[in-house]
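**Q** Next up is a structure, given as structure tokens.
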Amino acid sequence: MSEPDKFEDDLLYAITRTGEGFRPEQADQADLVAGGYQRGRRRWRRRSTAAVVGGAAALALVGTGAFYLSNATGGSPAAHASVEAAAAPTTTGAGAAPVTATPTAAKSDAAPVTDKEMLAAFQALLPKGEVTDAKGEGTGKGLSASAQLVFDDGQGKSLMGITVQKFYKGQEQPHTCPADLKLASMDSCTATTLPDGSQLVLAQGYEYPDHRATTKEWWASLNRPDGGSIFFNEWNSPQEKGAPDSRPNPPITLDQAKAIVTDKAWDKVVAAVRYNGIDPTVQDSGVSPDEKQAILAKLLPAGVTVQSRSTHLTSDIYQLVGEGQAKGSITVQLANWSRPFGDPETQRTMDSGRAAQFKDATVLPDGTKLAVSVPGSTPGNKSPYTRVAELHPDGTYIEVDGTDDKSLLTVDQLKAIAASPEWKVKK
């Protein structure tokens, strides 16, 4: 079993098992909430998935795991930025040259934003002060644009940065405020909906939720109706970690942070940056989650019923219950692969993954390709579930996975579910 296949199996299994049987001790809850909230926030700003989704894993994870992968992997865009801007001290504020940006519709052929332009746009929005260690990354290198610098208004140095991304509808990961600020180790957090429908979050927290250092991190995030996602953060230190505090608080107030993330200068960047993820309409089957659940209910054997459902793009994970309250789960993915996946790079990745997934498939009389993966069927295959996937000549893709340790469904039953003519995409 290849590493991508093993990772795919482990990931899908982990997704369906998340949270089951997890009961933390009361004393641990504060650390869990604070740490988890902080890790989720960092993962958001580090979403860089250009090299993540590939091979066979990409195909089966388009509906479930790709969404997870884009959250959980990648590096800080600012940390990997190509430096075109000079690192010598510069001045921002009243004396800085204005940056003009005309709002444009989000489209792939929008004029790219260079590293220098991205950095200049950020600096133009800062108050008067000295800037050092400035780095900018434009829209031509990946799935985000960013700028990072050290700012000093005369009261002490502060590391700060801005990241701009764009997501398809339903794939964005908006920030929210925790229910309990004390548990999350935060001083303040507000979430509001702006008149244009944008979701704004302003927060004041700490680099370390356990306060092993007093370094503070303040941030603002904006998720716009057009898919644009702008994130600004700052510290009261010239480094995110490993440096003493240089001032009591970060220099930019929350009102100033709001002005930065809502500025129209980012319209040009949002228009030019590539979408983070895969356009769900490209492979949309046209079949609603409720319709898919109704189809599955008819195909399940007697005594097995759907207890609950969660939906992730083109995939639906169903928790099942059988006789004697035996429990299991099944994942169903129905997609239309007759249309292109999107940009050429994505298309190449998906074509490669599709070929790998069906390399040893059985070709049925009507041309349908059938791929079956059974636990233990190949060396190293320790997956606890069985996967059945069919790719029809018309582009209809159906995948059914029994994802529990002791499945309520046999391999033949999973095959029968996948082979049912009930699964039809709406062209």
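**Q** More than 18 angstrom separation, counting every C-alpha pair in segment 204-257; what % is that?
**A** For segment 204-257, the fraction of Cα-Cα distances above 18 Å is 37 percent.
**Q** For Cα pairs less than 8 Å apart in space and 6+ apart in sequence, what is the mean separation divided by the residue count of segment 200-274, i.e. the relative contact order in percent?
**A** 27
**Q** Next question, about the same structure. For the pair Lys264/Gln155, report the inter-label distance in nm, with labels modelled 7 Å from Cα in the Cβ direction.
**A** The two pseudo-label positions are separated by 3.0 nm.
**Q** log10 I(q)/I(0), Debye, Cα-only segment 215-368, no solvent, q = 0.15, 0.19 Å⁻¹?
**A** Reported log10 I(q)/I(0), two decimals: -0.98, -1.17.
**Q** Distance cut-off 31 Å, Cα to Cα: go down the list Lys169/Lys415; Lys327/Lys424; Lys169/Lys424; Lys157/Lys258; Lys169/Lys327 and report the pairs above it.
**A** Correct reply: Lys169/Lys415; Lys169/Lys327.
**Q** Any idea of Asp263's accessible area? Nearest 10 Å², probe 1.4 Å.
**A** 50
**Q** Quick one: net charge around Ala121, please, counting Lys, Arg +1 and Asp, Glu -1 for every other residue with C-beta under 13 Å from its C-beta.
**A** Net charge in that neighbourhood comes out at -2.
**Q** Just grab the label-to-label distance for Asp360 and Lys116, each label 7 Å out from Cα along the Cβ direction, in nm (one decimal).
**A** 5.5
**Q** Follow-up question, since we're still on this one. With the cut-off at 1.5 for a/c, could you classify segment 147-283 from its C-alpha gyration tensor as rounded, prolate or oblate?
**A** prolate
**Q** Continuing with the same structure: At a 1.4 Å probe radius, which order do His211, His312 fall into by accessible area, largest first?
**A** His211, His312
**Q** Given axes a ≥ b ≥ c from the Cα gyration tensor, I'd like to know whether segment 113-184 is rounded (a/c under 1.5), prolate (a/b larger than b/c) or oblate.
**A** Verdict is oblate for segment 113-184.
The values are calculated or read from the model by the stated rules, or taken from the named source; none is laboratory data. The shown structure was predicted, so the numbers you read here are calculated from the model rather than taken from an experiment. Here the Cβ is made from the backbone with ideal geometry for all residues, glycine too, and neighbour counts use every protein chain on show. Ligands, DNA and RNA are excluded from the accessible area calculation, which covers all protein heavy atoms including side chains. Shrake-Rupley method; radii C 1.70, N 1.55, O 1.52, S 1.80 Å.
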